[in-house]
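Here's the structure we're looking at; comments come further down.
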Amino acid sequence: MAAEGVESQQIAHCLQVSRPTVQLWRERFLALRTAGLAKDAPRPGRLPAISDQKRAAIVEATLHRQPSHATHWSTRLMAKTQGVSEATVRRIWKQHGLRPHRVSTFKVSHDPRFVEKLSDVVGLYLNPPDKALVLCVDEKSQIQALDRTQPGLPLRPGRCGTMTHDYTRHGTTTLFAALNTLDGAVIGDCMPQHRHQEFTRFLKRIDQQTPSQLDLHLIVDNYGTHKHPSVERWLRRHPRFHLHFTPTSCSWLNLVERWFRNLTEQRLRRGSFHHVKELTQAIGDYISSHNQNPHIFVWSASVERILTKVAKCKEALDALH
């Protein structure tokens, strides 16, 4: 309309806007052409109600101080202490990436042969030997046969399934498992205890269920059972078995732990078992179902990448102490 010579007052009347609005956009078009019409200009917004000093105080208290009667800050506790609203604390924490309600676990290994063992295990994952199988072996001990005290309610639209918070214990079992890194298949056996006798029995089962012409490289942790003299004598009589030990406090290096997590999440945690036999049957069925369509866990972290992270962790710990 302006290009046709219509005055700003008449344009405002036709479009039912104010004359200053018409004048504003005409001036923006003259100054920036079509780019000035793409979006509105930035505006200063409302003046902040929380001063920079108060923001800094909240951040400083979150990072360097601890509540007198609690282990960590919550939004309500910090808001009460600083005299601001809970929404303000939540907003400031989000801006600075602070999450005091969360905590991560870690453990730095002090094994004197850490680098040697790490290189050995990761080398088996990334460059396995020819004519051999790499098996991740471990025990999931003290699996409890828990029976809920009352039947739970089933899942319904708009309502999740329910289960009682309390339970009755009906005994425990120990699962010995060997994860084949090549195809993801699992060899498993449940036993009442996890002594060296049971471990030797499980080694015999691995010997029976794997091709006899292949060497077997077993990745195990430093549990005393794996180094028992009876186990060592059995291994000397079966030279195709080779044990590779993970560094102390480094169970995360054993890929079978990842499979144990799936077993717990998918079959055990919500299960209800009346006796140990029912529990072992459920574990056996899960292993059989898994082996019909096994999932292969692929190790991707190199030794250099792991050592870099460990070095950063040690540096952070040294800085604190």
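Below are the figures for this structure:
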read-out: Any chance THR88 is in a helix (DSSP H, G or I), in contact (Cβ under 8 Å) with a residue 24 or more places away in the chain, more than 22 Å from SER300 (Cα to Cα) and over 28 Å from the mean Cα position of the chain (by Cα); value: yes
read-out: Condition check for ASP111: over 15 Å from TRP252 (Cα atoms) and among the acidic types (Asp, Glu); value: no
read-out: Which numbered condition PHE273 fails, given (1) aromatic (Phe, Trp, Tyr); (2) more than 24 Å from THR105 (Cβ to Cβ); (3) without any contact (Cβ under 8 Å) to a residue 40 or more places away in the chain; value: (3)
read-out: THR164 open to solvent by 20 Å² or more (accessible area, probe 1.4 Å), of a type in the set (Val, Ile, Thr) and assigned to a loop (DSSP other than H, G, I, E, B); value: yes
read-out: Top-ranked residue in segment 16-28 [being free of Cβ contacts under 8 Å to residues at least 12 places away in the same chain and either outside any loop (DSSP other than H, G, I, E, B) or acidic (Asp, Glu) (or both); ranked as least open to solvent (accessible area, probe 1.4 Å)]; value: THR21
read-out: Selected residue (only one of ILE206, ILE219, ILE187 is open to solvent by less than 70 Å² (accessible area, probe 1.4 Å) and part of a helix (DSSP H, G or I)); value: ILE206
read-out: Residue list for segment 117-155, filter: in contact with a His (Cβ under 7 Å, 6 or more places away or on another chain), of a type in the set (Gly, Ala, Ser) and either open to solvent by less than 10 Å² (accessible area, probe 1.4 Å) or not in a strand (DSSP E or B) (or both); value: ALA145
read-out: Residues located in segment 101-116, provided they are of a type outside the set (Asp, Glu), at pLDDT below 90 and open to solvent by less than 100 Å² (accessible area, probe 1.4 Å); value: VAL108, SER109
read-out: Test for ARG270: is it part of a loop (DSSP other than H, G, I, E, B), surrounded by fewer than 16 Cβ atoms within 10 Å (Cβ to Cβ) and among the charged types (D, E, K, R); value: yes
read-out: Residue in segment 232-241 that is assigned to a strand (DSSP E or B) and in contact (Cβ under 8 Å) with a residue 12 or more places away in the chain present; value: yes
read-out: All positions within segment 38-69 that are part of a helix (DSSP H, G or I) and open to solvent by less than 90 Å² (accessible area, probe 1.4 Å); value: LYS54, ARG55, ALA56, ALA57, ILE58, VAL59, GLU60, ALA61, THR62
read-out: Pair list, Cβ under 7 Å, 6 or more apart: segment 143-169 residue closer than 27 Å to PRO192 by Cα and among the basic types (Lys, Arg), other residue open to solvent by 60 Å² or more (accessible area, probe 1.4 Å) and at pLDDT 90 or above; value: ARG169/GLN144
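The values are calculated or read from the model by the stated rules, or taken from the named source; none is laboratory data. Everything numeric here is computed off the predicted structure, so don't read it as measured data. Note: ideal-geometry Cβ built from the backbone for every residue, glycine included; neighbour counts use all protein chains shown. In case anyone asks, the SASA skips ligands and DNA or RNA and just uses the protein heavy atoms, side chains included. Shrake-Rupley method; radii C 1.70, N 1.55, O 1.52, S 1.80 Å.
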